[in-house]
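Worksheet: the structure to be examined is printed underneath.
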Amino acid sequence: MSRRLAPTRAPLALAVTAALAAPLAVTAPATAAAGTASTTGRYTVTALRITVPAGGRNCTVDADLYRPAGVDAEHPAPAVLTTNGFGGSKSDGGTAAAGRAFAERGYVSLVYSGLGFGKSGCLISLDDPDIDGRAASGLVDFLGGERAADDGTTVDYVTADGAGDPRVGMIGGSYGGAIQLATAAVDHRVDALVPMVTWHDLSYSLDPNNTADRRVPGAAKWQWMNGFFLIGEGQPLLQPGLDPSRVNSLKCLHFVTRACETIRTLNSGRYPADRTKALQEYARGVSPVSYLDRVKAPTLLVQGQADSLFNLGEAEATYKTLKAHGATAKMIWQSAGHSGGESDPASGELNMEAGNLETSYVGRRVLAWFDRYLRRDKSAGTGPSFAYYRDWVDDPRHTYATADAVPAPHRRLYLSGDGKLVDNRGKVARGSREYRNRLVPTNHSESSLAGMLGLRDPAPYDRKGTYLDWTTEPFADAVDVVGTPRARLKVTSPRTERVQHSGDAADKLVLFAKLYDVAPDGATTLVHRLVSPVRVPDVTKPFTVSLPGIVHRYGKGHRLRLVVAASDSAYGRNRGVKPVTVTSAPGDTGTLDLPVVRH
């Protein structure tokens, strides 16, 4: 398939490229030319070019070295390494702010533009541990005095745990989050990690299927996917005069070839077995899911509740995997994510540009993490295993609750044939209801890139006849749901049954499950505008759906509504019209299990 997008998607793609080109170039603060330094009295900043080996080639990395006042070979300090999110550079507001923030607190900071971004060389390779991870390892060499910058600059003032072994931590979000895990997997000199709002498995992130059988592809997030793809391919608009090492070919400009092939497969809407296998092998191969057993560094995971790109379940999967391998790991679910709050965090939440590390819950946890594992302060408490932000608590001092683990689903509701969600199987009414998809999307959760483009996003909606819903009675008391709800469903779809074993997974049924909050006045809220795409492995058998992980209070008098919809405007959709029937009876009906926190 060519790189040109389908006609219905091209306008968005062009708008993304145009809109992002200016902000990334204009809002970035000025930095010194390579080899020059500036000073604030609290620290000096030196712009450097550092050439490092990565994936069988040499890549030149553009970096800024922050050195706190008073730090020298006789008075060394630990280091913090950080890099940008996708499409950014070392000069991004939050990225540069991290360098300043930790330098002001006595850490040597090395802030760099990731491979293929800013003025760094080489192709965009999606935080591949054997490419991006090796490049970051080369920067650890520099911090350990084992490698010089291109102008000959060396470092001898980072606290060392041995010859060539600097004490170094990493922090960053999204693309700057996964790189930490990739680096720690190939370089055990890294001592502490704080990955924020990042992924566990890109094959799931870009093409999620929320059933137990992850071998079956899901529904592609075409808005997120093509937005980021065009940011990458549009690099000449962002950085004129690119390093030649950043150009691949006319067929795939700035990404490694397999990344482009993955995007083309997802855009095609076709999933033959061989292509699906190749897609999943590549996407998982560059993802933490494939290498977490090699990560030993203590890891504080921070994930956003408002995030349709990398949801809470991704952080939970990473957290559980690290713990299972014996690594030290803790997890925080903050409010802000890719779908909201990043540029305007809620009151009291971490805002790196505002420098509120000491006055925000997440900031204090980060500082304690580095105190414990970088400064080796054994008195520094690193906090509970799990903490989560509650948006229904007004006092910023008490917005976070803590627990030993993420609550598991334990309160069961039953899908009744009359559209009710009931708490007892005996209350289930017999009945059948049908919905059918249309050839265009009729259901809407969010426009994933609307916020980035400054566009208004219509409220969520579902067109009549294209969804089914089940609703509880009003709750007598507030109900707090924290974790990942699960639904057990059984559907009937004869048209799907006839084609689902065609050899192309695109012929399987696609549906979207989601949870609404219905207020006493009838107003409905799609919790964080999140949905759970499903490509049903086999419509002749029951299947389990993991709904989006949430932290949400259903207030007294509110009702919970489960919706199963035929489509979603932000995702790929069914091939052909596939009517779906759901039948309920007291002895045979679907269920919804909720992780409810007991008061």
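Does G152 satisfy the criteria of being small (G, A, S), assigned to a loop (DSSP other than H, G, I, E, B), out of contact with any helix residue (DSSP H, G or I) (no Cβ under 6 Å at 6 or more places or on another chain) and surrounded by 24 or more Cβ atoms within 10 Å (Cβ to Cβ)?
Working: small (G, A, S): yes; assigned to a loop (DSSP other than H, G, I, E, B): yes; out of contact with any helix residue (DSSP H, G or I) (no Cβ under 6 Å at 6 or more places or on another chain): yes; surrounded by 24 or more Cβ atoms within 10 Å (Cβ to Cβ): no.
Spelling it out, it is not the case that G152 is small (G, A, S), assigned to a loop (DSSP other than H, G, I, E, B), out of contact with any helix residue (DSSP H, G or I) (no Cβ under 6 Å at 6 or more places or on another chain) and surrounded by 24 or more Cβ atoms within 10 Å (Cβ to Cβ).
Taking the criterion of being assigned to a helix (DSSP H, G or I) and either outside the structural domain of A570 (by TED's automatic domain parsing) or in contact (Cβ under 8 Å) with a residue 40 or more places away in the chain (or both), the residues of region 504-533 that qualify are A505, A506, D507, H528, R529.
For region 166-204, a residue qualifies if it is out of contact with any Leu (no Cβ under 6 Å at 6 or more places or on another chain), of a type in the set (V, I, T) and buried (at least 24 other Cβ atoms within 10 Å of the Cβ), and the qualifying residues are I171, I179, T183, V190, V197, T198.
Of all the criteria given as (1) surrounded by 21 or more Cβ atoms within 10 Å (Cβ to Cβ); (2) more than 20 Å from L312 (Cβ to Cβ), the one not satisfied by P533 is (2). Within region 560-599, being surrounded by fewer than 17 Cβ atoms within 10 Å (Cβ to Cβ), within 24 Å of P208 (Cα to Cα) and in contact with a strand residue (DSSP E or B) (Cβ under 8 Å, 6 or more places away or on another chain) holds for P579, T581. Of all residues in region 495-523, those satisfying the criterion of being crowded, with 17+ Cβ neighbours inside 10 Å and polar (S, T, N, Q) are T496, Q500. For region 484-503, a residue qualifies if it is assigned to a strand (DSSP E or B) and farther than 16 Å from D213 by Cα, and exactly one does: T492.
The values are calculated or read from the model by the stated rules, or taken from the named source; none is laboratory data. Just so you know, these numbers come straight off a predicted model, no measurement behind them. Reconstructed Cβ throughout: ideal geometry from the backbone, glycine too, with neighbour counts over all protein chains shown.
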